[in-house]
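Okay, structure first, notes after.
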Amino acid sequence: MPPFHQGRLSFMGKNAKFGVTSFAIPFTICCSYMPLRLVGVNMSHCKPNLLSSMNKPIILAAGCLLLMLMCMRLQGQTGCTDPQAGNYDPQAVQNDGSCTYPFTQYQLSTEARLALKENSGLLWAGEQLWTQLDSGGPNELYQINPETGAVVKRVVIANAENVDWEDLASDGEYVYVGDFGNNQGTRTDLAVYKLSMAGLLAAADGDSLQADLIAFSYKDQNSFEPQQGQTAYDCEAFFAHGDSLHVFTKNWAQNATSHYVLPTQPGVYEIEAVEQLQTGMLVTAADINPAGKEAVLIGYNLSFTDFNAYMWVLSDFQPGRFFSGNKRKISLGSLLSNGQIEAVAYKTKDEGYISAEELSQPPITIPASLYTFSTAAWQSEPTSIAGPHGNELFAFYPNPATDVLYLTARRAGRYELLNLIGQQVLQGNLLPDVQQRQDLRQLRRGVYLLRIQDGHASHTFRLILK
C-alpha cells in the first residue's frame, strides 16, 4: 500500500512498463476522490509515476478503495436517529428525515374561553399574549389575559388594512402581521406588516402605531381565477427565524403545505417554494420555539371521515429546511370538541398556547377557547440527568425513575402525572421546601408528562419510568 509521508500520499515507481491507460483507472479513483481530504490527505501531491510491475496498479487501486471506505465510515451512516420512532436505527449518526411514528393522540388542556370569537393568530412576546381578528376585522392587535381570555388592551395599526389577517410572528425586535389569507386564490395584494415590538408592548390601550409594508406574490402562481376550496395559494401560517419569514401555505386541493421564504425587510418580493409536506390537513398556524430547534404546524381536516385537528411537531431539521428532519403528526381530537383550531404560539422551548375560534355547527356551538400544549413527551433527546433537576422553582429526581419520585418546590402547589394522551394517572400537593415522595410502582413503564403548578405558573416535564 502506498506510504504516507508528512500528510502526503506518494506513489513510488521507477520503471515505465505500463501506458497511461492501464494506470488511469486506479490513479483517477485515488486522486479525484474528494472525501480523502477529510482524513488529511493532500491529493494535490499525487504524481502518476509509471509503475514497474503488474501488481502495483492493483495494489494502488485496493489501497485507494480502502481509504474510500474509511472516509465513508467517517462521514457516518444515515437513517432514523429518534429512539421514539418505529424505524429507529441505533447505528445511524445522521438523521435523513425517514423516521416514522405510531398514531399519537394528545388531549389539549383548556386554559380559558376567549372573548374574541374570530381570533386568528397568537404571539407570546414580553410575557404578554397577543392575538388579532381575521378577515374583515379591525386593523387592531389585542393583548389578552391567558387566564381569563379577556381583552387587556387593543392597539391600532393606523396605516394597515385588515383584508384577511391570519397569523402573528416576531423575531424579538419586530412583530409581523400576516395579511395573506387567500381563500379563493385571487389576491394580488398579499402583505406582511412590520412594526416595533418594543412599541407594541409599551403601547397603552387605544394607542396607534405605524407599520412598514412587506408585499409579496408566489412565483409559481399563474392563475388568479377564483378557486374556492381548491386553491394551493391560501395561507394562514408563518413564523420568523434567522433573517427571514417562513410562510406555510394552506393547499385546499391536496391537504398539503408548501414552505416559502420571505425577507423581513420592507419591499416587494416574488417568493419561491423551497420544500413541501403532505400534511393530511389544512395548515392554519405555525411557530418555532425560542431555541429555534423545534417547530409546529397546526390545522384540521374537514372531510366527513376525518373532522379532526392535528399538530405536526418538527425537530432535528437542517437549517432553513424544517421538513428535512423528524416529522411527527399528533391528533388533537375532533373539531366538535376543541373548536376550529386557528393559532399557536410557543411560550417556552416545549410549551405554549393554541387557540380556536368559535365553531358553530347547529345545533352545536363550540366557544372560542385558549388551550395549552406541551411537546416535552416527543423530544428526541430524553432527560437522563442524575440527581435533582428541573427549573428554578421546582426540582424532581431521579429521571429516568423506577419505583419512587422525589419532588420539591419553593412555593406551595400541586403536581400531576399524565400519560401521553393527556389522562391523569397521579396527583399530589406540594408544600414549600418540603420534599414529597411519590410511589410509582403501580404505573406501567414508559413516558409520562409531569406537570407542576403553583399560583403563578405551570411547568411540564418529560418523565421516563423504566
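The numbers here are math on the coordinates, done by the rules we state, and not lab data. Not measured: the values here are computed from a predicted model. Here Cβ is always computed from backbone atoms with ideal geometry, including for glycine, and neighbour counts include all displayed protein chains.
Computed from backbone phi, the HN-Hα couplings of region 250-260 come to 10, 7, 5, 6, 10, 6, 9, 9, 10, 9, 10 Hz, rounded to whole numbers (Karplus: 6.51 cos²θ - 1.76 cosθ + 1.60, θ = phi - 60°; Gly and Pro given as x). Rounded, prolate or oblate, given the Cα gyration tensor of region 389-465, with a/c below 1.5 counting as rounded? Judged from the Cα gyration tensor, region 389-465 comes out prolate (a/c at least 1.5, a/b above b/c). The phi torsions of region 81-87, fed into the Karplus equation with coefficients 6.51, -1.76 and 1.60 and a -60° offset, translate into couplings of 9, 9, x, 7, 7, x, 10 Hz, rounded to whole numbers, with Gly and Pro shown as x.
Ordered by the number of other Cβ atoms lying within 10 Å of each residue's own Cβ, fewest first, GLU127, GLU166, GLU236 fall into the sequence GLU127, GLU166, GLU236. Please find the FRET efficiency linking THR110 to GLU270, where r is the Cβ-Cβ separation and R0 is fixed at 30 Å, and quote it to the nearest 0.05. Once rounded, the FRET efficiency stands at 0.10.
A crude spin-label estimate for the pair ASP220 and GLU173, with each label 7 Å from Cα along the Cβ direction, gives 3.2 nm. Close amide H contacts of ALA412 (hydrogens built in the peptide plane, cut-off under 5 Å, sequence separation of 5 or more or a different chain): none are found.
Between ALA198 and PHE304, the distance separating the two model label sites (each 7 Å from Cα on the Cα→Cβ line) works out to 5.7 nm. For VAL283, the residues whose modelled amide H falls within less than 5 Å of its own, excluding neighbours fewer than 5 places apart on the same chain, are ASN251. Label zone of VAL425 (point 7 Å out along Cα→Cβ, amide N under 11 Å): in region 393-417 this covers 417.
Which entries of LYS219/LYS347; LYS250/LYS293; LYS250/LYS347; LYS219/LYS349; LYS153/LYS219 have Cα-Cα distances beyond 30 Å here?
Pairs exceeding 30 Å: LYS219/LYS347; LYS219/LYS349; LYS153/LYS219.
The modelled label-to-label distance between SER135 and ARG321, using points 7 Å beyond Cα along the C-beta direction, is 3.6 nm. Gyration tensor analysis over the Cα atoms of region 174-289 returns equivalent ellipsoid semi-axes of 26, 15, 14 Å (largest first, whole Å). 3J(HN,Hα) couplings calculated from phi for region 153-166 with the Karplus curve 6.51 cos²θ - 1.76 cosθ + 1.60 (θ = phi - 60°) are, in sequence order, 7, 10, 10, 8, 9, 4, 9, 10, 10, 8, 6, 7, 5, 10 Hz; Gly and Pro show x. Treating r as the C-beta distance of LEU443 and SER360 and R0 as 51 Å, the FRET efficiency rounds to 0.80.
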